[in-house]
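One structure below.
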Amino acid sequence: MRRILLSSLVLAGATLIAGDPAKDLPKFQGGDLQKYWMDACARCHGVNGNGRDNSGKQLPDAGFDFTDSRKANKKKDADWVKVTMEGKDKMPAFKDKMAQADAEKMIAILRKFSAK
Ligand code: HEC
C-alpha cells in the first residue's frame, strides 16, 4: 500500500516537472523583454535561443535554433513577429499575452542570439 502511494507521488511529481511548456505562459507586464524571454520563451527555445537547456540537452519543443545565423539571416522580422503573435504548430500564439509593438521589440533579442 505504502509502495503504491509512493510511486503515484513520484509519478505526479514527474508530470509536474516535465509539464506542458505551452501551459501557464505569463502575460507580458511591460518592462524588461529580456526577462520576458526567460519567463515565457526560454522553456522551449532555451535561455540562449539555441533550443538547449542549461546542461546542453536539446529541448523537445524548440523548433528553431536562433543562434544559427545562416538560417536566422534568411528570416524576415515581419515573419517572426507574425509567428510570435499567431503561433505555428507547437509554437503558441502570444497575441493574448503581448502587444504587437512588444513582439516587434522582441525581434532585437532574437537577432542578438545569432550576432557573433
Ligand atoms: C511551447 C513552446 C514554445 C514557446 C513557449 C515559445 N515558442 Fe517559439 N517556437 C516554438 C516552436 C515549436 C517553433 C517552430 C514552429 C514551426 O516552425 O513549426 C517556434 C518558432 C518560433 C519562431 C519562428 C522561428 C522560425 O522558424 O523562423 C519565433 C520568431 C518564435 N518561435 C518566437 C518565440 C518567442 C518570442 C517566444 C516567447 C514570447 C516563444 N517563441 C515561445 C515553440 C515555442
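The values are calculated or read from the model by the stated rules, or taken from the named source; none is laboratory data. This is a predicted model, so every value here is computed, not measured. Cβ placement follows ideal geometry from the backbone for every residue including glycine, while neighbour counts extend to all protein chains displayed.
Annotations
- Test result for residue 43, buried (at least 17 other Cβ atoms within 10 Å of the Cβ) and of a type in the set (Lys, Arg): yes
- Taken over segment 91-102, the criterion of being in contact (Cβ under 8 Å) with a residue 12 or more places away in the chain and either within 11 Å of the ligand (Cβ to nearest atom) or crowded, with 17+ Cβ neighbours inside 10 Å (or both) is satisfied by 91, 92, 94, 97, 98, 102.
- Meets criteria (without any contact (Cβ under 8 Å) to a residue 12 or more places away in the chain, at positive phi and among the small types (Gly, Ala, Ser)) for residue 56: yes
- Any chance residue 55 is in contact with a helix residue (DSSP H, G or I) (Cβ under 8 Å, 6 or more places away or on another chain), more than 9 Å from the ligand (Cβ to nearest atom) and polar (S, T, N, Q): no
- Only listed residue being surrounded by fewer than 17 Cβ atoms within 10 Å (Cβ to Cβ), over 30 Å from residue 101 (Cβ atoms), of a type outside the set (Ser, Thr, Tyr) and modelled with pLDDT of 95 or more, chosen from 56, 13, 30: 56
- Residues of segment 66-76 that turn out to be surrounded by 12 or more Cβ atoms within 10 Å (Cβ to Cβ), in a loop (DSSP other than H, G, I, E, B) and within 9 Å of the ligand (Cβ to nearest atom), as a count: 2
- Candidates are the residues of segment 77-90 that are under 20 Å from residue 35 (Cβ atoms) and not aromatic (Phe, Trp, Tyr); the one that is nearest to the ligand (Cβ to nearest atom) is 84.
- Top-ranked residue of segment 103-116 - restricted to ones that are within 15 Å of residue 30 (Cβ to Cβ) and crowded, with 17+ Cβ neighbours inside 10 Å, ranked as nearest to the ligand (Cβ to nearest atom): 106
- Remark: residue 30 falls outside the filter, which requires a residue to be within 12 Å of the ligand (Cβ to nearest atom), touching a helix residue (DSSP H, G or I) at 6+ places or on another chain (Cβ under 9 Å) and either basic (Lys, Arg) or in a loop (DSSP other than H, G, I, E, B) (or both).
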